[in-house]
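Visitor: One structure follows; several queries about it will come next.
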Amino acid sequence: MSINESFVEDKIGRRLDRCVSDAVVKGCGGLIVGLAMSVFFFKRRPWPAFLGTGFGTGIAYRTCEKEVNLFK
């Protein structure tokens, strides 16, 4: 096996690592946007923060699902 070749498990592991980091980044981004909307527009209600976090995590999940299903 040459240096450029790698195991399938390594490729899946790298993709899952990217999925987790993507979920953290997009979830936190949604949380920040939701908190900003909550403070500026919705009189400090908690639901925009939860909604933003859910949207960010959902987008990351969808992206991860597409990326992992490339093996099938």
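Rule-based calculations on the coordinates, nothing more; no lab input. On a predicted model such as this, the values are computed, not experimentally measured, just so you know. Heads up, the Cβs are rebuilt from the backbone with ideal geometry, glycines too, and the neighbour counts pull from every protein chain shown.
Visitor: Could you work out the relative contact order of the chain? I mean the mean sequence separation of Cα pairs under 8 Å and 6+ apart, divided by the number of residues, in percent.
Guide: This gives 35 percent for the chain.
Visitor: Could you sort 46-56, 18-28 so that the peptide with the highest average Cβ count within 10 Å comes first and the rest follow in order?
Guide: Packing order, densest peptide first, comes out as 46-56, 18-28.
Visitor: So what's the angle, to the nearest 10 degrees on a 0 to 90 scale, between helix 47-68 and the longest Cα principal axis of the chain?
Guide: 10
Visitor: Quick one: helix 8-40 against the long Cα principal axis of the chain, what's the angle to the nearest 10°, folded into 0 to 90?
Guide: So the helix axis and the longest Cα principal axis differ by about 10 degrees.
Visitor: State the cysteines of the chain left without a partner when partners are defined as other cysteines whose beta carbon lies under 4.7 Å away.
Guide: 28
Visitor: List the lysines whose Cα sits under 22 Å from the Cα of residue 66, skipping any in the same chain fewer than 8 residues away.
Guide: Straight-distance partners of residue 66: 11, 26.
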